[in-house]
């Protein structure tokens, strides 16, 4: 009986500490997002779309001015703004294997018939089936000497492919690829309109 009381007290204390940590994290995130949003607005960036992953890695799109931001610094004090035209190509890499890559006209190679999800699913199924994933990255190559590449480390440690975490990470990566495909398509359209 006494052990049950100790277990309940320990569980209650653990829950209180977890809630405090979550509260501190949420306050930090809100403050850093407010700083970032203020700085972006000062630069004249108009947010049309946000791609968010566990509140840490973000991609912002300004469809009016044809610009985008990859937010990769935690405090958000120095957003890097890119033009749609700066994107050369992009790809998703799962455990060192490219499973989706941009192609001509912004189409995902291997996904022309089945879309981004089909290309990703096909890339995962086509190679040796594994139960875990140790890394999942989205790489964006840019026509910028000072920043030739941006890499989103979506998964950086071993996770089970059937887990909720893996499914959320894959969903985020798919959102990134879809948004980058949109940027690529509209870059091409804008260039054609200029000619």
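Numbers for the structure displayed
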item: Two-site FRET efficiency, residue 167 against residue 98, from Cβ-Cβ distance with R₀ of 30 Å, rounded to 0.05; result: 0.90
item: Difference of contour (0.36 nm per residue) and Cα-Cα distance, residue 178 to residue 158; result: 4.7 nm
item: Order by protection proxy (mean Cβ within 10 Å, highest first), peptides 40-47, 59-66, 9-16; result: 59-66, 40-47, 9-16
item: Ranked by how many other beta carbons lie within 10 Å on average, peptides 163-174, 80-91, 146-157 from highest; result: 80-91, 163-174, 146-157
item: Per-residue Cβ neighbour rank within 10 angstrom, fewest leading, 132, 23; result: 23, 132
item: Sites residue 48 and residue 13, calculated FRET efficiency, Cβ-Cβ separation with R0 41 Å, nearest 0.05; result: 0.35
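The numbers here are math on the coordinates, done by the rules we state, and not lab data. From a predicted model like this one, the values you see are computed outputs, not experimental measurements. Here the Cβ is made from the backbone with ideal geometry for all residues, glycine too, and neighbour counts use every protein chain on show.
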